[in-house]
Structures are given as structure tokens and as C-alpha cells.
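To start, the structure under review is shown below, and the notes come after it.
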Amino acid sequence: MSDMTEQMAQTAAAMVAEGKGILAIDESLPTIKKRFDTINVESTEENRRAYRELLITAPGGEDFISGMILFDETLRQKTRDGVPFPQVMIEKGIMPGIKVDKGAKDLAGRPGEKVTEGLDGLRDRLAEYRDLGARFAKWRAVITIGDHIPTNGCIEANAHALARYAALCQEAGIVPMVEPEVLMDADNDIDVCYWATEKTLRTVFNALCDQAVALEHTILKTNMVLSGKKCPVQAGVQEVAEKTVRCLLNTVPASLPGIVFLSGGQSATLATAHLNEMNRNNDGLPWPLSFSYGRALQEPSLKTWAGNPENFGAAQAALLHREKCNSLACLGQYSDALEEAA
Ligand code: 5MM
């Protein structure tokens with residue numbers, strides 16, 4: 001094994017080490033503005049820096065978090081004491097990751113569907129990100145459920161881009177986190193989500209194979225199989241866990257080092273309960289199941305902070321609580337009682 005290959009193997013294994021998960025703080029400028037709007041904070045560069053400092057430096061986070069996904073701006077920012085964020089993270093034993101896609105754009109000829117862009121110039125950007133300390137990267141594809149969608153055309157286009165991105169990452173010695181997200185915003189029942197997720201994952205793994213991506217050095221970040229948010233009948237925790245695991249067993253090769261979930265708009269506690277249920281009942285799975293939540297880890301912390309420097313410590317405590325609960329969920333040891341005690 002070359003040094004670079006060996007390092008990717010170590011990185012991938014460390015990302016999903018027992019009881020650890022990934023904190024996603026890679027909101028693009030439009031998304032972080034949306035989040036800040038909910039707390040009436042202006043999305044200035046300094047406010048984004050201060051908020052990300054809070055998340056990155058939370059004491060004890062390293063016990064539950066193996067890596068954080070950063071936005072380009074954040075990878076280049078520093079603490080108020082002048083220490084670059086990647087350096088702070090590495091000193092804490094947390095691996096820096098970087099979002100490298102350029103966002104989901106309307107897919108020509110496919111109304112209502114998106115394709116993620118960002119392949120142009122990616123080889124050069126990856127080389128720079130590696131020099132800045134990034135050890136893994138993320139690219140998110142968005143699959144929408146609706147009338148007659150998702151189409152094959154949309155799933156194929158996104159899978160192809162994900163595979164091209166993953167191959168470029170591995171060429172640069174960076175572990176690709178491959179994120180196809182089937183959105184949970186519609187009124188579909190859970191079985192439609194199962195169908196769309198299964199089809200998407202099958203297509204993605206075929207594309208990865210076509211582009212010679214080493215699955216041993218790849219992490220999958222995916223949605224859980226859920227009822228759409230607007231569906232009048234919501235599947236319970238057990239059904240979500242059972243159908244998600246069944247879908248993954250039917251589509252994801254055993255050689256993958258690990259699978260992490262996005263939260264996708266679930267409440268913070270439900271995202272934890274679903275992950276816990278999957279891990280509580282499934283000892284013999286081929287891969288660890290962990291978390292890479294954005295909103296479900298950050299929301300309580302964002303609300304507590306509310307842009308006020310005096311709330312810095314309390315907001316870090318709120319983040320740590322969610323990190324600890326999800327760490328326990330990776331081990332199948334989470335319970336509702338932990339929320340009441342908090
Ligand atoms: C943290 O949000 C990420 C960036 O989103 P945009 O590129 O749309 O700004 C997002 O990719 C995130 O990593 C995943 O969706 C998981 O986050 P959630 O909130 O769904 O757990």
C-alpha cells in the first residue's frame with residue numbers, strides 16, 4: 001500500500017471510529033444566512049467566524065466527534081486568538097473535512113430536479129485543500145420526490161458527478177464522503193422514500209465502480225428511509241430503523257468502511273432515536289452506522305447562542321449534549337431519559 005492509500009484507509013476508519021461521528025458545519029452562504037435569519041443575526045463574515053469558533057472549540061467535543069465538514073471560508077478562518085481553525089481541530093484530534101461541491105442547480109430538461117455542480121477545476125482545489133489540512137471532502141447530491149420524479153436522468157446525472165468527484169478526491173489522497181440525499185420534504189409515504197433511496201444508492205455504487213473509485217476509502221453519507229414531512233401517516237422509530245437498514249443491506253457493498261446519516265430536517269431528538277434504534281438491533285452489520293448531522297447537532301446550540309457572546313459557553317454545552325447523545329446512539333445506548341436529565 002502506498003503512503004497515500006494507507007493514510008486514506010486510516011482516515012476513513014477514524015471517521016467512523018466506535019462512538020464517533022461527524023459534525024457538518026459546511027453551510028454555504030445562502031444556507032447559513034437562512035439559519036442566522038431564524039435567530040435574527042446578520043450573516044457577516046465575523047458572525048459566521050464567531051459561530052463556527054463556538055462549534056469547533058467546544059471543550060470535550062473530541063470525545064464524540066471524529067471530523068468536521070467545513071465551508072471554504074471556514075477552512076481559511078482563525079479563532080479570535082489568531083489560530084487557524086484546521087490547526088485547532090488537528091490539535092484536538094478532530095479531522096478537518098471540506099465541502100467541495102458548488103451547489104445543486106436546476107437540471108436542464110428536468111423540471112423540479114437538481115444536479116450538483118463543481119467538477120471544473122476540482123483537481124486544483126483539492127490539492128490546495130489538502131495543503132490547508134483537509135483529510136476528507138464532501139459532495140452533496142439532491143434527489144427530490146414528487147409527481148413522476150425522481151427520474152432516471154436526474155439520478156444518473158448526480159451519480160456520475162458524485163463518482164467523478166470521488167475519483168478526483170482519491171487521486172489527491174482525500175477520502176470522499178459521497179452524499180446522495182433523497183429529500184424528506186414531500187407528502188410521500190415511507191415506501192416511496194425506500195424506493196427512491198434504493199434506486200439512488202444502486203445507481204451511485206454502479207457509477208463509483210465505473211469511475212474506479214476504491215470503496216475501501218469511501219464514506220457514504222445518506223438519508224434515512226423516512227415518511228415525507230407532509231405525509232399524514234408518519235412511520236414510527238422501529239419502522240424507520242428497519243427499512244433504512246434493509247435498504248442499505250440491499251445496496252451498499254460490505255467493503256465500505258462506514259455509513260453516516262444526514263438529519264435532513266428531522267428534529268434533533270428523533271434523528272438520534274432513529275440512529276440508536278438501528279444500532280440497538282443490528283450487531284452483525286458489515287459497516288458501522290454513525291452520524292454526520294448539520295441541523296440535528298447544531299439547532300439547540302444556534303438557538304442558545306442567538307448571536308450573543310455571553311451565551312458562548314451555554315451554546316457549547318448544548319452542542320456537547322447532542323454530540324454525546326448521538327455518540328451513545330452509535331452504540332445503541334441512547335435513551336429518552338438523557339434528554340430529560342439535560
Ligand atoms: C450543514 O449543511 C450542509 C450544507 O448545505 P448547503 O450546501 O445546502 O449549504 C449540508 O450539506 C449538510 O451537510 C447535510 O445536508 C446534512 O445536514 P442536515 O442538516 O441535513 O443534517
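The values are calculated or read from the model by the stated rules, or taken from the named source; none is laboratory data. Model, not experiment: these values are computed from the prediction. Virtual Cβ from ideal backbone geometry, glycine too; neighbours counted across all protein chains shown. Surface accessibility is based on the protein's heavy atoms, side chains included, excluding ligands, DNA and RNA. Shrake-Rupley method; radii C 1.70, N 1.55, O 1.52, S 1.80 Å.
Is it true that L285 is under 21 Å from the mean Cα position of the chain (by Cα) and either within 16 Å of the ligand (Cβ to nearest atom) or open to solvent by 60 Å² or more (accessible area, probe 1.4 Å) (or both)? Answer is no for this residue.
Being within 25 Å of S66 (Cα to Cα), within 12 Å of the ligand (Cβ to nearest atom) and either among the acidic types (D, E) or assigned to a helix (DSSP H, G or I) (or both) is the filter here; which residues of the stretch 175-202 pass it? The answer is E179, E181. Would you tally the residues in the stretch 217-252 being loosely packed, with under 15 Cβ neighbours inside 10 Å and either small (G, A, S) or in a helix (DSSP H, G or I) (or both)? Of the residues in that region, 6 qualify. Residue count for the stretch 148-174, restricted to those that are more than 12 Å from T203 (Cα to Cα) and assigned to a helix (DSSP H, G or I): 8. When the stretch 237-275 is limited to residues that are under 25 Å from T218 (Cβ atoms) and touching a Pro at 6+ places or on another chain (Cβ under 7 Å), the one that is farthest from the ligand (Cβ to nearest atom) turns out to be A254.
So that you can scan it fast, the table gives a plain yes or no per residue for (1) over 25 Å from D37 (Cβ atoms); (2) free of Cβ contacts under 8 Å to residues at least 24 places away in the same chain:
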site: L297; (1), (2): no, no
site: L302; (1), (2): no, no
site: W305; (1), (2): no, no
site: A315; (1), (2): no, no
site: H321; (1), (2): no, yes
site: A329; (1), (2): yes, no
site: L338; (1), (2): yes, yes
site: A341; (1), (2): yes, yes
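For the stretch 6-33, the set of residues classified as within 21 Å of L168 (Cα to Cα) and touching a helix residue (DSSP H, G or I) at 6+ places or on another chain (Cβ under 7 Å) consists of M8, A9, A12, listed by residue number. Modelled with pLDDT of 95 or more, crowded, with 22+ Cβ neighbours inside 10 Å and within 28 Å of A12 (Cα to Cα): does that describe L256? For L256, the condition - modelled with pLDDT of 95 or more, crowded, with 22+ Cβ neighbours inside 10 Å and within 28 Å of A12 (Cα to Cα) - is met.
Say whether the condition of being away from the ligand (no atom under 16 Å from the Cβ), outside any loop (DSSP other than H, G, I, E, B) and either modelled with pLDDT of 95 or more or surrounded by fewer than 14 Cβ atoms within 10 Å (Cβ to Cβ) (or both) is met by at least one residue in the stretch 13-34. Yes. For the stretch 253-273, a tally of residues being within 18 Å of L162 (Cα to Cα) and in a loop (DSSP other than H, G, I, E, B) returns 4. Is one or more of the residues making up the stretch 45-52 touching a residue at least 60 places away in the same chain (Cβ under 8 Å) and either within 28 Å of A13 (Cβ to Cβ) or in contact with an Asp or Glu (Cβ under 8 Å, 6 or more places away or on another chain) (or both)? Within the stretch 45-52 (the criterion being touching a residue at least 60 places away in the same chain (Cβ under 8 Å) and either within 28 Å of A13 (Cβ to Cβ) or in contact with an Asp or Glu (Cβ under 8 Å, 6 or more places away or on another chain) (or both)), the answer is no, since none of the residues qualifies.
Among the residues making up the stretch 126-154, a single one is open to solvent by 40 Å² or more (accessible area, probe 1.4 Å) and within 16 Å of the ligand (Cβ to nearest atom): R140.
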